[in-house]
Amino acid sequence: MKVGWLEVTVATLFLTLVLGAVWTRGRNWLDPEFWKRYAIIGSAIMFIALIILTFDTLAKTKIGSDRVPSPTVINYKIDYKYDPEKGYFKPVIGPEKELLFGKEYSEEEAMELIVKGKLVIQSRACMDCHTLLGNGAYYAPDLTKAWLDPKWEKVMIAATQSKTKEEAMVKFLMHPDKYATWTRRMPNLDIDEEEAKAVVAYLKWMAAINTNGFPDHFGESKLVKF
Amino acid sequence: MEKILTRFWGDISNLPESRKIALMYWTVAIALFGAQLLFGLIAAYQYINPDFLYTVMPFNITRMLHINAMVVWLLMGFIGGIYWLLPDETGRDVVGAKLGRIAFYLLTGAVAVVVLVYILVQMGKGNFFTMWFINEGREYIEAPRWADIGIVAVMGIIYYNVLATVLKAKKITGLLGVLLIDLIALAGLYVAGMFFTPNITYDQFWWWWVVHLWVEATWEVLVGVLMGWALMHVLGTPRRIIEGWLYLEVLLVFGTGILGLGHHYYWIGTPEYWLGIGGFFSSLEPIPLVAMIVHAVYDAGVHKLQTVNRPALFFIFLQAFGNFFGAGVWGFMHTLPQINLYSHGTQMAASHGHLAFFGAYVATNLVLMYIALQHIRAPHGPILDSKTWKIAYVGMIVSMVGMVGALLVAGFAQTFFERAIGGATWQDYIMSQMHPWVKIPMYWRLGFGILFFIFYFVLVYDMLTIGKKKVEAVEVKPA
Ligand code: HEM
Ligand code: HEM
Ligand SMILES: [Fe+2]
């Protein structure tokens, strides 16, 4: 049997009700002890359910899993397409290669880059201006699919006089004050080239995570025409 | 210290040590509340004038100071509340008064160092040194690792103190039982936020354990205990009724809030079953909050609003309704995955976050502080009352509602323009931010924020003066 959300929901509620009823048998419902026992049962069951779900979720979202891919995806072309079967937008990885900074990264090298990228992102508290996977602050754009943002190709490559998207991103991250595109500028966070490259790799990798369709129809805008 | 406390709170010579420690925590808490608002105002002003302190103190730093000051002062306020009710519940003074003071100084010192580093150093290079000593860069729990460990250690001392006092008194009430278990969970959860992983899905998975399981589970139960105790003291509700309700609330809060965690697992890479689990259980989370309103209003009705402590009673109402509207209603608005897919990470969350924290947790702290003020300044009646607390009360509510309303408009408009019509890109973001329905509310938020700050000072003034001069003697039967 496949266990989905409905089974989990029904099972936890059912167990709480039944086990609680057994343990409080014969007690008046106005007796505080009645509710104490129900509180213990209910909390314990929900907590156990959370633990089980946590193990399952962690197994399904390991780096290298179907949902959270291996860092070597930075060697491939990444796209974001509507999946009619799932009913939501999903990253499409490859099959064609698309090298980052003209280099093919081994598993180990790619992992090193991702670790570095994450450290840079935390050290500058990017999440207190931006959202990543939709969590953080609301002062600056969501970065979940920043790698796929059409503005890099349409505007920023030319603005930064770069040849590739990744070069434009590195230049922007190193000098966001210089390449600002509106009055609310990103400050210069003293990011060096090595750090900027790691961040770009991180953003490319993050764009390949299956986020159940968030953000919906990314890049298909009725508001913005380049 | 004794002198400072006397000056702020009144004659404390008769207080048990435990309650003096409570006042120490509350003094720092109220000061940090002011700091929180100051940095919030700067952040709000940077929305309007992004050049303001652009190189000196960018938005992420002002915001970080704003929300970290909030978490710290609310927690310190709760610790104060626990120290305040401890002698009452156990019938004796705290066992380790000296230890309690040391813990207080350690915590306050650590907070001061962290804040100074935030202000002066701000950010570091992308390496582990930064994580350990400057800034961990994870919203709400940015504090560097050394401070994390320190905070947990200090929490351990405080916990030991409470537990030892309960054991020595050989008396445990239902309130204390719930409190002791809840505090373990609360401190234990913080540990879930103390490691580094390159996997952002794991990162956010555990991060929400801390943030959600704090505010929607363990903190909610903690304020259940504190408010239950407050109701007994402000209205004289019998303990049996309080404890029966508390257990019911624990059942409902944990029963819905633990799996309600799933409403943060829709879009972070976690499996699809969280859409159903999170949507279902988090939709039920408002139920305990309704129960709390029923409880407070019913108790107050039974006693025909007769009380010896007007401000505390009214802050109890604010807590009950604020928690229900801020957490329950504002939370429910965006909790279903079908809605959250579009509203996720917009000003909607800011609107909800402000009302929920203010209603549920700021109000709880103020209730307890006013109970303390009455105990110190008007222990034998007549009644603790003043004009200024009413001004502060109404003023803070109106300005908070103004801010939250402005953010709600901005949130709807952002959701609509950036996410529904637009394609959620960089440029869609900019277009939506420049739309008048997002832009103008940012001015309103700042305006109401300034107003809130003014009423904060009225509140502080009232806390310094209420009950100090004799008010007109009103005959009130203690309920
Ligand atoms: C003077 C009044 C205040 C002002 C001007 C203010 C301003 C702000 C600003 C500008 C932000 C950043 C939002 C963003 O990322 O776009 C923020 C976030 C936040 N503030 Fe305030 N604030 C004020 C009072 C408060 C109070 C009283 C509380 C609660 C006790 C509070 C709790 C929060 C929280 C929890 C966040 C994070 C929200 C989220 O990430 O969704 N603020 N505030
Ligand atoms: C007193 C209790 C609560 C407090 C203090 C609180 C506070 C917050 C804060 C500050 C955030 C923003 C987090 C961030 O910075 O990313 C948030 C998010 C959220 N809250 Fe609450 N909350 C409470 C209760 C609830 C309840 C009862 C519900 C549901 C019925 C709820 C639903 C949500 C949802 C769905 C989000 C995610 C918003 C998004 O997707 O961006 N909250 N809450
Ligand atoms: Fe939540």
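Of the numbered criteria (1) open to solvent by less than 20 Å² (accessible area, probe 1.4 Å); (2) more than 16 Å from ligand 1 (Cβ to nearest atom), the one residue B:429 fails is (2).
Here's the yes/no breakdown for (1) touching a residue at least 12 places away in the same chain (Cβ under 8 Å); (2) away from every other protein chain (no Cβ under 14 Å); (3) crowded, with 22+ Cβ neighbours inside 10 Å; (4) away from ligand 3 (no atom under 16 Å from the Cβ):
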| residue | (1), (2), (3), (4) |
| --- | --- |
| B:9 | yes, yes, yes, yes |
| B:16 | yes, yes, no, yes |
| B:19 | yes, yes, yes, yes |
| B:22 | yes, yes, yes, yes |
| B:27 | yes, yes, no, yes |
| B:40 | yes, no, yes, yes |
| B:45 | yes, no, no, yes |
| B:48 | yes, no, no, yes |
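A count restricted to the stretch B:125-154 and to residues that are open to solvent by less than 40 Å² (accessible area, probe 1.4 Å), under 20 Å from residue B:104 (Cα atoms), among the aliphatic types (A, V, I, L, M) and more than 16 Å from ligand 1 (Cβ to nearest atom) stands at 2.
The rows are residues; the columns are (1) under 30 Å from residue B:275 (Cβ atoms); (2) more than 7 Å from chain B (Cβ to nearest Cβ); (3) modelled with pLDDT of 95 or more.
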{"position": "A:179", "(1), (2), (3)": "no, yes, yes"}
{"position": "A:187", "(1), (2), (3)": "no, no, yes"}
{"position": "A:194", "(1), (2), (3)": "no, yes, yes"}
{"position": "A:197", "(1), (2), (3)": "no, yes, yes"}
{"position": "A:216", "(1), (2), (3)": "yes, no, yes"}
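Name the residue, out of B:91, B:34, B:81, that is surrounded by fewer than 18 Cβ atoms within 10 Å (Cβ to Cβ) and under 21 Å from residue B:370 (Cα atoms). I'd like the intermediate steps shown before the answer.
Details: B:91 fails: under 21 Å from residue B:370 (Cα atoms); B:81 fails: surrounded by fewer than 18 Cβ atoms within 10 Å (Cβ to Cβ).
Going through B:91, B:34, B:81 in turn, the sole match is B:34.
When you look at residue B:83, is it away from chain A (no Cβ under 14 Å), within 21 Å of the chain's Cα centre (by Cα) and farther than 30 Å from residue A:197 by Cβ, yes or no? Judged against the criteria, residue B:83 is a match. The set of residues in the stretch B:239-260 being under 21 Å from the mean Cα position of the chain (by Cα) and within 7 Å of chain A (Cβ to nearest Cβ) consists of B:250, B:254, B:258.
The C-beta contact set for the stretch B:266-277 (first residue more than 7 Å from chain A (Cβ to nearest Cβ), second residue in a helix (DSSP H, G or I) and buried (at least 24 other Cβ atoms within 10 Å of the Cβ), distance under 6 angstrom, 6+ apart or interchain) comprises B:274/B:262.
Among the residues of the stretch A:1-22, which ones are open to solvent by less than 30 Å² (accessible area, probe 1.4 Å), of a type outside the set (Gly, Ala, Ser) and farther than 17 Å from residue B:248 by Cα? Give the derivation first.
Here is the first cut: in the stretch A:1-22, the ones open to solvent by less than 30 Å² (accessible area, probe 1.4 Å) are A:4, A:8-9, A:12, A:16, A:20.
Remaining after also requiring of a type outside the set (Gly, Ala, Ser): A:8-9, A:12, A:16.
Within the stretch A:1-22, A:8, A:9, A:12 qualify.
Here are some residues: A:151, A:204. Which one is buried (at least 19 other Cβ atoms within 10 Å of the Cβ) and either within 7 Å of chain B (Cβ to nearest Cβ) or of a type in the set (S, T, N, Q) (or both)?
On the way: A:204 fails: either within 7 Å of chain B (Cβ to nearest Cβ) or of a type in the set (S, T, N, Q) (or both).
Step by step, each of A:151, A:204 is checked, and only A:151 is buried (at least 19 other Cβ atoms within 10 Å of the Cβ) and either within 7 Å of chain B (Cβ to nearest Cβ) or of a type in the set (S, T, N, Q) (or both).
For the stretch B:278-309, the set of residues classified as charged (D, E, K, R) and either without any contact (Cβ under 8 Å) to a residue 24 or more places away in the chain or at the interface with chain A (Cβ under 8 Å from one of its Cβ atoms) (or both) consists of B:304 only.
Scanning the stretch A:55-70 for residues being open to solvent by less than 30 Å² (accessible area, probe 1.4 Å) and more than 8 Å from chain B (Cβ to nearest Cβ) gives a total of 3.
Could you please let me know if residue B:398 is open to solvent by less than 50 Å² (accessible area, probe 1.4 Å), away from ligand 2 (no atom under 16 Å from the Cβ) and of a type in the set (A, V, I, L, M)?
Values: open to solvent by less than 50 Å² (accessible area, probe 1.4 Å): no; away from ligand 2 (no atom under 16 Å from the Cβ): yes; of a type in the set (A, V, I, L, M): yes.
For residue B:398, the condition - open to solvent by less than 50 Å² (accessible area, probe 1.4 Å), away from ligand 2 (no atom under 16 Å from the Cβ) and of a type in the set (A, V, I, L, M) - is not met.
Hey, does the stretch B:161-171 have a residue that's open to solvent by 10 Å² or more (accessible area, probe 1.4 Å), at pLDDT 95 or above and under 18 Å from the mean Cα position of the chain (by Cα)? No, that holds for no residue. From the list B:364, B:415, the lone residue that is among the hydroxyl-bearing types (Ser, Thr, Tyr) and more than 14 Å from chain A (Cβ to nearest Cβ) is B:364.
Tell me, please, whether a residue that is of a type in the set (Ser, Thr, Tyr) and assigned to a helix (DSSP H, G or I) can be found in the stretch A:124-147. Talk me through it step by step, then tell me what you get.
Taking the stretch A:124-147 first, the residues of a type in the set (Ser, Thr, Tyr) are A:131, A:138-139, A:144.
Cutting the leftovers down to assigned to a helix (DSSP H, G or I) gives us none.
No.
Residues that are under 23 Å from the mean Cα position of the chain (by Cα) number at least 2 in the following helices (runs of 4 or more DSSP H) confined to the stretch B:376-479: B:388-414, B:436-465. In the condition set (1) surrounded by fewer than 24 Cβ atoms within 10 Å (Cβ to Cβ); (2) within 16 Å of ligand 1 (Cβ to nearest atom), residue B:248 is compliant with all but (2).
The values are calculated or read from the model by the stated rules, or taken from the named source; none is laboratory data. Being a predicted model, the structure only gives us computed values, none of them experimental. Backbone-built Cβ (ideal geometry, glycine too); neighbour counts: all protein chains shown. Accessible surface areas use protein heavy atoms only, side chains included; no ligands, DNA or RNA. Shrake-Rupley method; radii C 1.70, N 1.55, O 1.52, S 1.80 Å.
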